[in-house]
1. Taking the chain on its own, what percent of its Cα-Cα pair distances exceed 21 Å?
2. Considering only PHE43, SER77, PHE63, whose Cα is most displaced toward the positive end of the charge dipole of the stretch 29-86, charges sitting on Cβ of Lys, Arg (+1) and Asp, Glu (-1)?
3. Suppose every K and R has +1 on its Cβ and every D and E has -1 on its Cβ; what is the size of the dipole of the chain about the Cα centre, in Debye to the nearest 20?
4. Quick check: the angle from helix 2-18's long axis to the longest principal axis of the chain, C-alpha only, nearest 10 degrees?
5. Exposure proxy check: ILE79, ILE97 ranked by fewest other beta carbons within 10 Å?
6. How high is the relative contact order of the chain, in percent, with contacts defined as C-alpha pairs under 8 Å that are six or more residues apart?
7. Using a 10 angstrom cutoff on alpha carbons, build the Gaussian network for the chain and name the most mobile of PRO55, PRO16, PRO38.
Amino acid sequence: MHELSLCHAIAGVVRPYAAGRRVDVVRVQIGALRQVVPDSLSFCWTLVRDHESMPEAELELEFVAAEVSCHSCGQHSEIASRWTVSCPQCESADVEIVRGNEFLVTSLDVT
């Protein structure tokens with residue numbers, strides 16, 4: 001379960017910014033291509049936040065759809081599958097991923 005290590009990484013980012021203050025909310029952006037199981041990430045966060053002295057910190061997840069830019073037909077499209085990365089317009093595999101790889105702590109609420 002790599003979600004546990006992801007939660008430790010999130011806590012490692014949050015800790016210096018919180019600077020000893022109480023953390024109420026941690027917002028994280030997750031791209032569709034990251035292969036993260038949201039329920040597992042949320043569960044692991046409840047374990048990690050207690051260990052990291054952030055017992056009240058809630059994890060808010062924002063999901064980012066995957067998008068590609070096709071070099072063959074020039075279209076910019078959202079893709080539905082995380083297993084096949086190709087242009088939904090012309091089916092070319094000559095694409096550049098422009099969104100969907102995100103894994104970012106975007107903001108914190110601290111008091």
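Throughout, read-outs are computed from the coordinates displayed, never taken from laboratory work. The shown structure was predicted, so the numbers you read here are calculated from the model rather than taken from an experiment. We place every Cβ from the backbone using ideal geometry, glycine too, and count neighbours over all the protein chains shown.
1. Counting pairs separated by more than 21 Å, the tail of P(r) holds 44 percent.
2. Sorting the options by dipole projection puts first SER77.
3. In debye, rounded to 20, the chain gives about 280.
4. On a 0 to 90 degree scale, this one is about 60.
5. ILE97, ILE79
6. With pairs under 8 Å counted, the relative contact order is 36 percent.
7. Most flexible of the set in this elastic network: PRO16.
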